[in-house]
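J.: Let me give you the structure first, and then I'll get to my questions.
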């Protein structure tokens, strides 16, 4: 049986677990642990292996949604999780640190996967900090040679926002595909 | 006692089985109380808000028929304070539904003469053993299922297409090779509210003060580019009407003074970008800004922020295509097999926000020709079937929740 996956990546606290949960038709499975490092400053629990959710399609098939752990020390998981993936949703927290630097880092880390598939960027927490603006993210993508990529403001709790991101990334892979 | 007018009632989003149960239910509400009719001719619409698409149907119906009473059934009422929306709590019994119909009658202008009933009498006779007070929801379990008549994705696409007229109008495709017909696909943004807003924003940035736009009815908009906000003093429908016709000198701008503060304070704000996007779509009505070339490739600099803007029909596919290569507007229509107005309206809105440009260099034109030639592969990519199924699922999620305003 085919195992189609959409991958959610990004830094700690960007909303990956929440987004997987919002898009999933089943209660998500989380592998969280009490944060013991600097992540503790951001949130009490963090994903240590993966988040898992699933979208059930009308024909009975399933699209698997995987959220990767955010900390770079779990980067060995990223390659495992992206194996067989069809697209990447990269979530960036606009309220902390240097979001454009985070974008550069994750584009680099997943560049092989992105080149084979496609990426859409969801910028979260724009209500807490409005800059950098979406055009700044696109300029960074241009500089990195990724061209015009869907970049949306996203509330990771909103199913509609997360589904629009997925729809956008699929539209860049095959714009002729139609519901 | 006066004779009752038979109310013409339409339903939104019922499958054939639910509709059958509903017809049986209506037959017990009272003789000639109401009849099921098409959406265009209806006096009142009935919507189940707890349906997957309930919220969307409610908002869609209200946009398309702003003055039509609605009866809305819900497990937990309290969906707003629209005086034309009558809520009935589930399980909906005969008494509650009859009372709702009475309310509708009071909301409608008086009419003369009854209308014939059109319920399927034979089908209803077969349901005579059903107790009169059985609510709609219970009837669903009582009636024999009919074969499903509608593919849910087809229904969603139908809904999306109907809703699309709100943003992209209904202009039919024209022969793009016929110069006379082609004239109909262009408009001059500067002659519309779209142009007034662009001028007002430029002025506001120059004087570093918010400005207001007013017509004969008073202030329509306050624009504050420093904070990126617009304050709308008109309903969405009124603003849409103002946006769709050339202003012909009826709209003036003035800077916001201290005395305007109380009025501004009472208005909701929205991002300027969202206002400019809507107004451009409404002015365009599926047309292109004058001077646009149909054969020059379009370059999308940046995707519109479609989680925070109205999503016009096929916007995702159009943006996806333009992300992949250089396609002219003509080739976009041909490649995606969509109505011209979808492509033209999306281009016009992107153009208003400065997200697109046309490239006229010989190299770009040659690349566009190459892309267009290779854009229709002989065989569909292996994942297309899967993508179609996923997109069908996502369409439901998209339409099931209204876009933020």
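The values are calculated or read from the model by the stated rules, or taken from the named source; none is laboratory data. The model shown is predicted, which means the values in this text are computed figures rather than measured ones. Positions of Cβ are generated from backbone atoms using ideal geometry, with glycine treated the same way; all protein chains shown enter the neighbour counts.
J.: Looking at the range A:73-91, is at least one residue out of contact with any helix residue (DSSP H, G or I) (no Cβ under 6 Å at 6 or more places or on another chain) and facing chain B (nearest Cβ under 8 Å)?
T.: The answer is yes, given that some residue of the range A:73-91 is out of contact with any helix residue (DSSP H, G or I) (no Cβ under 6 Å at 6 or more places or on another chain) and facing chain B (nearest Cβ under 8 Å).
J.: Could you list, ordered by first residue, the pairs with Cβ atoms under 7 Å in which the first is in the range B:140-168 and more than 14 Å from chain A (Cβ to nearest Cβ) and under 21 Å from residue B:349 (Cβ atoms) and the second is modelled with pLDDT under 75 and surrounded by 13 or more Cβ atoms within 10 Å (Cβ to Cβ), at least 6 apart or interchain?
T.: Pairs that qualify, where the first residue is more than 14 Å from chain A (Cβ to nearest Cβ) and under 21 Å from residue B:349 (Cβ atoms) and the partner is modelled with pLDDT under 75 and surrounded by 13 or more Cβ atoms within 10 Å (Cβ to Cβ), are B:163/B:60; B:166/B:63.
J.: Spot the failing condition for residue B:292; the list is (1) within 24 Å of residue B:209 (Cβ to Cβ); (2) surrounded by 16 or more Cβ atoms within 10 Å (Cβ to Cβ), and only one is missed.
T.: Every listed condition holds for residue B:292 apart from (1).
J.: Applying the selection to the range B:332-352, what residues are within 13 Å of chain A (Cβ to nearest Cβ), part of a helix (DSSP H, G or I) and either surrounded by 24 or more Cβ atoms within 10 Å (Cβ to Cβ) or at positive phi (or both)?
T.: B:332, B:343, B:346, B:350
J.: Yes or no: the range A:129-147 includes at least one residue that is in contact with a helix residue (DSSP H, G or I) (Cβ under 6 Å, 6 or more places away or on another chain), more than 13 Å from chain B (Cβ to nearest Cβ) and surrounded by fewer than 16 Cβ atoms within 10 Å (Cβ to Cβ).
T.: Within the range A:129-147, one or more residues are in contact with a helix residue (DSSP H, G or I) (Cβ under 6 Å, 6 or more places away or on another chain), more than 13 Å from chain B (Cβ to nearest Cβ) and surrounded by fewer than 16 Cβ atoms within 10 Å (Cβ to Cβ).
J.: Since residue B:188 meets every condition but one in (1) in contact with a helix residue (DSSP H, G or I) (Cβ under 6 Å, 6 or more places away or on another chain); (2) more than 14 Å from every other protein chain (Cβ to nearest Cβ); (3) surrounded by 14 or more Cβ atoms within 10 Å (Cβ to Cβ), which condition does it not meet?
T.: Of (1) in contact with a helix residue (DSSP H, G or I) (Cβ under 6 Å, 6 or more places away or on another chain); (2) more than 14 Å from every other protein chain (Cβ to nearest Cβ); (3) surrounded by 14 or more Cβ atoms within 10 Å (Cβ to Cβ), only one is false for residue B:188: (1).
J.: Answer yes or no: is there a residue in the range A:92-107 that is in a strand (DSSP E or B) and modelled with pLDDT of 85 or more.
T.: Pass one, the range A:92-107, residues in a strand (DSSP E or B): A:92-93.
Subsequent filtering for residues that are modelled with pLDDT of 85 or more retains A:92-93.
Looking through the range A:92-107, at least one residue is in a strand (DSSP E or B) and modelled with pLDDT of 85 or more.
J.: Can you name every residue in the range A:92-107 that is without any contact (Cβ under 8 Å) to a residue 60 or more places away in the chain, surrounded by 23 or more Cβ atoms within 10 Å (Cβ to Cβ) and touching a helix residue (DSSP H, G or I) at 6+ places or on another chain (Cβ under 6 Å)?
T.: A:103
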